[in-house]
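Comments concern the structure below.
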Amino acid sequence: MIIQIFNMKFFRFLRYFLFVIFSLLVLSSPVFAGANVAVKGEGDEVPSYVRSNITGFDFHGEDLHLSSIAGAVARDADFSDVDLHGTTLTLSDLKGSNLNGIDLTDTLSDRVNFQKTDLRNAVLINMIASGSSFAGAQIEGADFSYAILDSEDQRNLCKIADGINPTTGVSTRESLECS
């Protein structure tokens with residue numbers, strides 16, 4: 001009987017010990033230690049602004065491609081001439097931000113608030129922007145080629161579409177497939 005009690009206590013201790021060791025290994029692994037950074041290339045780290053308040057920040061001209069700005073509040077921020085291709089912007093609020101000349105090629109921009117943003121001369125090729133709002137946005141010279149937009153947004157953007165993108169040479173109306 002004493003041996004049986006000892007075995008039970010030993011196995012409980014062993015299970016607890018293994019749980020603690022496993023937890024320490026998981027929490028110290030590189031996946032968790034570097035969760036706030038993405039790696040672009042060898043030694044190049046990109047900051048992550050997931051669920052951050054970056055309202056009013058000035059990112060003008062920065063290279064932030066492959067970064068993540070998901071769930072962020074970035075109202076009135078300056079993203080003019082920023083390279084954000086391949087970025088995740090899901091569930092972000094960019095209302096009133098300056099996105100003039102931004103590169104949003106191949107971005108996931110699902111349910112993003114682009115209301116009253118300056119998207120003039122922006123490159124939005126292959127962008128997924130379902131559930132996003134572009135009400136009041138300036139889009140002169142923006143290239144939306146192959147972008148996935150809600151049909152209502154596309155119709156509304158076609159009403160104001162004008163200009164030719166200086167980078168791609170594609171007209172805004174043509175890129176939105178306006179009739």
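The values are calculated or read from the model by the stated rules, or taken from the named source; none is laboratory data. Here the structure is a predicted model, which means the values were calculated and not measured. So basically every Cβ, Gly included, is an ideal-geometry build from the backbone, and we count neighbours across all protein chains shown.
One residue alone among Arg75, Arg120 is under 15 Å from the mean Cα position of the chain (by Cα) and of a type in the set (Lys, Arg), and that residue is Arg75.
Per-residue answers, yes or no, for (1) buried (at least 17 other Cβ atoms within 10 Å of the Cβ); (2) in contact (Cβ under 8 Å) with a residue 40 or more places away in the chain; (3) at positive phi:
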| residue | (1), (2), (3) |
| --- | --- |
| Ala72 | yes, no, no |
| Arg75 | yes, no, no |
| Gly86 | yes, no, yes |
| Ser92 | yes, no, no |
| Asn113 | yes, no, no |
| Glu152 | no, no, no |
| Gly169 | no, no, yes |
| Glu174 | no, no, no |
| Ser179 | no, no, no |
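Could you grab me the full set of residues in segment 110-127 that are under 15 Å from Leu176 (Cβ atoms) and in a strand (DSSP E or B)? Residue satisfying the conditions is Val123 alone. Within segment 139-150, the set of residues being crowded, with 17+ Cβ neighbours inside 10 Å and in a strand (DSSP E or B) comprises Asp143, Leu149.
Against the test of being closer than 19 Å to Thr87 by Cα, in contact (Cβ under 8 Å) with a residue 12 or more places away in the chain and surrounded by fewer than 22 Cβ atoms within 10 Å (Cβ to Cβ), the options Ile125, Ile160 yield a single qualifying residue, Ile125. The one condition from (1) at pLDDT 95 or above; (2) out of contact with any helix residue (DSSP H, G or I) (no Cβ under 7 Å at 6 or more places or on another chain); (3) among the polar types (S, T, N, Q) that Ser130 does not meet is (1).
Taken over segment 50-109, the criterion of being at pLDDT 95 or above, in a strand (DSSP E or B) and among the acidic types (Asp, Glu) is satisfied by Asp58, Asp78, Asp83, Asp93, Asp103.
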